[in-house]
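Working notes, beginning with the structure itself.
Values in this text are rule-based calculations from the coordinates and carry no lab data. Keep in mind that what you see is a predicted model, and the values were worked out from it rather than measured. Methodologically, a virtual Cβ is constructed for each residue, glycine included, from the backbone with ideal geometry; neighbour enumeration extends over all protein chains shown.
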Amino acid sequence: MPRPHPNQSPMPSPLLSNSRRIAFALILLATAVVYYFRWQENTPVQLVMGAGSSDGDGFRMAQAIADVVARHHPRIRITVVGTQGSQENADLLGSGRLDLALIQADIRTSATARLIAPLFVDAFQLLSREESGIRSPGDLEGRTVAIPPLGSGGNASFWEVAGHYGLSESDLTALPMSREASVWALASGAVDAAFDSRPPGSSLVRDAVLRSGASLVPIEQAAAIRLGHPDIEPGIVPRGSYRGDPPVPPVDLPTAVVQALFAGSEALDASVVHDITGVLFERRRELMDLAPLAGFIRTPDRATGTFMPIHEGAQRYYSREQPNFLQENAELIALLLSIVALSVSSLFRMADQGRRRRLEAYNGEILGLYSAVKDSDDPRAVAAQKDEMLQVLVRVLDDAEEGLVTEEGFQVFSLTWQAVYQALRDRLTLDGSPHGDPPRNRNQPPGPTLDPEDESP
């Protein structure tokens with residue numbers, strides 16, 4: 001800090017103490033954080049979701065999610081696109097061309113795929129013409145079967161079932177085709193059977209059953225199939241799922257089921273996924289109005305075929321009601337914080353008291369300097385006290401730099417110091433001696449003076 005010139009009355013500038021600097025920095029940081037989160041909350045987010053064929057149950061579910069999310073989180077816009085199905089969705093999600101996707105749990109996914117929520121179950125449903133004599137998947141040997149297109153989850157599921165019964169591509173004729181085409185092929189007799197992976201009660205399966213007169217074939221070894229495919233679970237197609245009277249199927253039909261998963265890329269922002277997950281569980285009625293299958297959305301269960309890692313944002317939502325470390329130890333933390341607060345407060349009080357005592361000593365010192373010469377006629381003594389005043393100021397400035405003097409205290413000191421300093425200067429300027437020189441005789445004419453010893457002889 002620049003030191004004052006000996007002949008200049010200093011005007012100390014306001015000083016920020018260390019605590020003030022820290023407080024100012026924290027305020028700036030807090031402000032920046034607040035503005036960042038506000039910016040983030042209002043930044044538009046465009047996402048693309050793969051959902052299988054446009055006439056499928058999954059597509060309707062995906063569109064319902066997109067609509068309700070946009071309704072409650074306008075910044076999040078989800079575009080639903082049609083695909084061949086789960087396998088293509090998984091591939092596109094892994095390559096980054098999709099942000100969200102519906103994927104059957106038995107489909108192999110990339111390492112970057114993350115689970116948001118299980119949506120519903122897809123049941124393996126095998127339909128056969130009555131005259132075909134097909135009563136079990138093992139009876140498909142040598143037959144012609146309509147199966148879902150390549151890239152779909154249903155296509156992969158068919159070969160999982162066929163493989164369990166010892167059937168390969170060389171043992172039967174499998175014709176990949178659309179669901180509409182498979183219904184026609186089954187009704188016309190072009191194929192002996194048709195396989196699909198659909199939720200029980202699916203309108204597409206109902207149409208196939210009623211239009212073709214086909215019967216549902218039980219898949220009774222689902223538990224055994226699961227040994228090789230842990231994502232697959234035993235399940236049923238409930239009696240009367242496709243017609244109530246007479247009921248179709250006539251009994252609870254054993255089959256294999258697999259979870260239809262709502263997945264997202266690991267790269268998705270956690271806050272965005274958190275908001276989407278919240279819609280799934282907090283806006284269930286709105287979703288069900290658009291897609292009744294939304295009533296089956298549930299939280300992940302590692303015991304039921306949902307082995308995909310959970311997305312960080314979804315996990316935050318699922319853990320929202322679980323006490324964290326701070327909540328579990330709230331009382332202890334509160335006690336510790338109270339002790340710390342009291343200790344810090346005490347330290348600050350002690351520091352403030354020390355600063356006040358230090359300034360009181362300085363103020364007493366400069367007032368003492370003035371008292372010592374206020375009645376003196378010796379200008380040299382006054383000049384000496386004036387120099388001492390400057391030394392006191394230097395010490396106070398040094399203390400201020402080290403935080404030993406507060407800004408407010410320095411301002412009070414400054415006023416006192418300036419008043420005393422100016423009083424000393426005023427005494428020194430009497431009789432025309434502005435810088436501490438002895439005053440002239442009032443009767444002496446202006447001009448330089450000489451000592452008698454210096455006069456010419």
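Of 85, 133, 118, whose Cα points farthest to the positive end of the dipole of segment 61-153 (charges on the beta-carbon: +1 Lys, Arg; -1 Asp, Glu; origin at the Cα centre)?
Going by the charge dipole, the pick is 118.
Compute log10 of I(q)/I(0) for segment 64-213 with the Debye formula, placing one identical point scatterer on every Cα and leaving out solvent, at q = 0.10, 0.18 Å⁻¹, to two decimals.
-0.41, -1.08
Is the shape of segment 129-215 rounded, prolate or oblate, going by the alpha carbon gyration tensor and its root eigenvalues a ≥ b ≥ c, with a/c under 1.5 for rounded and a/b larger than b/c for prolate?
It is oblate, given that a/c is not under 1.5 and a/b is not larger than b/c.
DSSP loop (so not H, G, I, E, B), at most 12 other Cβ within 10 Å: list which trypsin sites (Lys or Arg not before Pro) in segment 132-205 pass both filters.
Loop-located and lightly packed - 135.
From the P(r) of segment 57-322, could you give the percentage of C-alpha pairs in the tail past 29 Å?
31
Going 7 Å from the Cα of residue 165 in the Cα-to-Cβ direction, what parts of segment 190-233 have a backbone nitrogen less than 16 Å from that spot?
Within reach of a label on residue 165: 191-197, 215-226.
Can you put 245, 252 in order, fewest other beta carbons within 10 Å first?
Sorted ascending by nearby Cβ count, the order is 245, 252.
Just the Cα atoms of segment 194-306, one point each, no solvent: what log10 I(q)/I(0) does Debye give at q = 0.09 Å⁻¹?
Result of the Debye calculation: -0.33.
Please pull out the direction-averaged projected area of segment 77-154, using the convex hull of its alpha-carbon atoms, in nm² to one decimal place.
7.0
Once the piece of chain linking residue 75 and residue 224 is laid out straight, how much longer is it, given 0.36 nm per residue of separation minus the C-alpha distance between them?
49.0 nm
Using Cα pairs closer than 8 Å and at least 6 residues apart in sequence, work out the relative contact order for segment 57-322, in percent.
28
Which of 126, 175 has the fewest other C-beta atoms within 10 Å, and how do the rest follow up to the most?
Going from sparsest to densest Cβ surroundings: 175, 126.
Within segment 98-130, which residues have the backbone N less than 16 Å from the label spot 7 Å out from residue 284 along Cα→beta-carbon, could you tell me?
117-121
Could you size up the charge dipole of segment 57-322 around its Cα centre, putting +1 on the beta carbon of Lys and Arg and -1 on that of Asp and Glu, and report it in debye to the nearest 20?
That gives a dipole near 680 debye.
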